[in-house]
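Working notes, beginning with the structure itself.
The values are calculated or read from the model by the stated rules, or taken from the named source; none is laboratory data. The shown structure was predicted, so the numbers you read here are calculated from the model rather than taken from an experiment. Positions of Cβ are backbone-derived with ideal geometry, glycine not excepted, and every protein chain shown enters the neighbour counts. Heads up: the accessible areas ignore ligands, DNA and RNA and are worked out on the full protein's heavy atoms, side chains in. Shrake-Rupley method; radii C 1.70, N 1.55, O 1.52, S 1.80 Å.
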Amino acid sequence: MEKISLRPNSQEILFKTDESNVYFDSFEYGPHDKKDKHLGYLFVVGHLKYGTENMAYVLNLISSLAKREYYSENGSIAEDPKKAFEMTLKKLNDVLEDFFQNKDLKINLGLVSIAGENIFISKLGKFKILLARSGEMIDILNNVDLFNRETTDERQFSNIVSGKIKEGDKIFATYPSKQITSRDKAIKSHLIQKEQENFVAELASIHQSTKNFPCCGFHIEIKKVKESEIPIRSAYDIVIPKLATGAENKTPESIPNYAKPHTSPAKTDAGGASNQEAETAELKNPASRQNVNTNNESATIISSEMSMVKRKSILSKMREKISRQRLPNNTQTAKLLKTGSIITFVVFLTFGLFKLSSLIPSANKSTLNTAKESVKLAEIKITQNENGSARELLALSLNSLSSIKETNKTVDEIKIKINTLLDKLDLVSSRQPELLVNDLLNKFQKLAVSASGELMAISADQKIYKITPENQVELASSAGMEASFAFLSDKHLSLYNGSNQTGILNLESKKYSTFNLKEPETAKDASLYEGNLYLLTEAAIYKYPDITTGGVQKQLWLGGLTEGNGISIAVDGNIYILQADSTVVKYFKGKEESRINLNLKVSTGSKLLTNKDSNYFYLADFSNKRIRVFDKIAGSLVLTFKITQFDSIKDVALGNKALYLTSGEGQIWKISLE
């Protein structure tokens, strides 16, 4: 059975010149196994123009990311090529946003996916793709009759052009430099009239005769290919061959092992089974042995028996070969030699398999190679003092390697290198948290610390405790209200459920009261300063004055924030909003005063901490178990606390002299800041 399909036959065209601050290249990727065969082939054509800083590595990064996203992460049988292409564009936009904002960097990029009869195209900047079909020339990006254009929500790769290809189509995809554009008519004529080899030769001739003719792209011919499919048949459908009979075959007992004649190819084809097969069949069915010697009719052999004859183990084959060799007449010596040969072979086979498994990783080589390339690029970025980009590349590599589940020495070595580079970028401190409380009965979740250094904690069953190194004293219960936020002053513990309710514990009277807030909002984060509760919502900052004394009236402190951009809020007299792009915006009396870029990728759920007596921001990255310390004015990274003693961080509270953390196991830990 044959399966007929369309397949691109491509020829890369790359003629480079000595133009300064310019880099261009083209890349082709194809499926590497049956799992992503349906995704077809991906072509990337890129052209970069940059300023004084060499940005050539960006193109290699783009192509590696495109390949990884298109095949590795979207290469499931259920995933269609169009969806994989869309996800690839989305990933490129997300990861390369910083590069797109570089005014000195001009990126021209074309992505083409060909899967079966479908073609998908998207571009950033300048990109040209021509199609020669049946003697006609088609500019794919501008032909609305044959190709569809869909607009996406993306900022850079905002359009996808799709359509159908046919056998005999000839495609030229390239960056349209001035030299290409000026020869547009001639190039189109060559594309229609000439086959791939001659078309490329024409461009090569122009490049050789002209001092300045850069060209980057692909010539692609669409051809029909036939793939043979092996039919799946039942073992019971096997045609049983006839056994040779009569004088042509001597009985096995009459021929010594080392002198058995080999069946000739002609006899094997005519008679079917070899002498060895006949021998095995006879051993299985003595009755058939008599038939062989007495008549010329076909012997009846059960299919399963025939299958057993053919499925010899590797040790059986080895034993058979050894038995055919001339061995000493001494029976004991012969047995020893045979046994020794088998043991030696098994030892070498085991050692070979062990070495093979260590040299060839079972994980996806593409993922591994992409991670290696990203690490190299990150090292370049570090030397160029672009720590933010380097950190993002390393985090991306570490995330991709997490998909490799098998134990692999090479993967482990790369992970160690990535973590070492991340530690170097983060200025990781050797200081580690010290265990303060390990109460087996109470699992503590939320923490609050006062300016004077008093510490309180809320347990999983909503009980409020005063914490000291010596003991834990229960003060009250907040049952009926789950505390999402906790704040401590010298006179009050204030709890807030993140929506419509506060709980206030008077530390002098030990009286606990709850209050329902008017016009409640769902808070993304909250902070308490001088008895006033500040809420960060999707598009505004709200204030509830005097909540420690029962205040429930809402005030708009600042509206018109970019929706969904704020992540965390901290207050020290000024209000600081941590944004998703790692910018910290400082506000005073409802007006923006300054912006500081922390130059890192902020994880979802990260929390910004500070107080009026601190010169620093503390950025708690819960997912990566790191607390980074930044100068509050300059925004420069001072150091990072890397948590290694426990698996997860539940909460963080900042005091004047220490940071306090709760672990996933409910323990309380302390990091001294002195």
Over the range 452-546, with neighbouring protein chains present, the accessible area per residue in Å² at probe 1.4 Å is 45
Rounded to the nearest Å, the spacing of the alpha-carbon centers of the range 608-625 and the range 462-483 is 24
With all protein chains in place and a 1.4 Å probe, Lys91 shows an accessible area in Å² (nearest 10) of 60
Ranking Glu136, Glu674, Glu521 from most to least accessible area with a 1.4 Å probe gives Glu674, Glu136, Glu521
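For the range 423-574, with only Lys/Arg (+1) and Asp/Glu (-1) charged at the beta-carbon, what is the dipole magnitude about the Cα centre, in debye rounded to 20?
Dipole size: approximately 260 debye.
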accessible surface per residue for the range 1-142, probe 1.4 Å, DNA/RNA/ligands not counted, whole Å² -> 44
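Rank Glu19, Glu454 by accessible area, highest first, at a 1.4 Å probe radius? Numbers along the way, then the final one.
Details: Glu19 95, Glu454 70 Å².
I get Glu19, Glu454, largest accessible area first.
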For Arg133, Arg183, the accessible-area ranking with a 1.4 Å probe, largest leading, is Arg183, Arg133
Computed about the Cα centre, the charge dipole of the range 423-486 from +1 Lys/Arg and -1 Asp/Glu charges at the Cβ has a magnitude in debye, to the nearest 20, of 80
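Using the heavy atoms of the protein chains and a 1.4 angstrom probe, tell me the accessible area per residue for the range 617-674 in square angstrom.
On the way: 2150 Å² over 58 residues.
That works out to 37 Å² for each residue.
State, to one decimal in nm², a quarter of the convex hull surface area for the C-alpha atoms of the range 456-496, i.e. the direction-averaged projected area.
Numbers: hull surface 12.1 nm².
Approximately 3.0 nm², given one-decimal rounding.
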Taking protein heavy atoms only, a 1.4 Å probe, and rounding to whole percent, the accessible area of the range 565-674 owed to carbon and sulfur comes out at 44
Here the range 408-547 gives, from Cα atoms, an Rg and Dmax in Å of 19.4, 62
P(r) of the range 502-579 over all Cα-Cα pairs, 10 Å bins starting at 0, rounded to whole percent, reads 19, 49, 26, 6, 0
With every protein chain in place, the accessible area of Lys376 for a 1.4 Å probe, in Å² rounded to the nearest 10, comes to 130
Cα convex hull volume per residue for the range 544-674, in Å³, equals 136
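How much of the accessible area of the range 365-429, probe 1.4 Å, is carbon plus sulfur, in whole percent? List each step's numbers first, then the result.
Values: 1670 of 3200 Å².
So the carbon and sulfur contribution to the accessible surface is 52 percent.
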Rounded to a whole %, the carbon-and-sulfur portion of the accessible area of the range 512-554 at a 1.4 Å probe is 42
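Determine, for the range 485-553, the count of lysine pairs separated by eight or more sequence positions (or lying on different chains) whose alpha-carbon distance falls under 21 Å.
Details: Lys491/Lys510; Lys491/Lys511; Lys491/Lys543; Lys518/Lys543; Lys524/Lys543.
Summing the qualifying lysine pairs gives 5.
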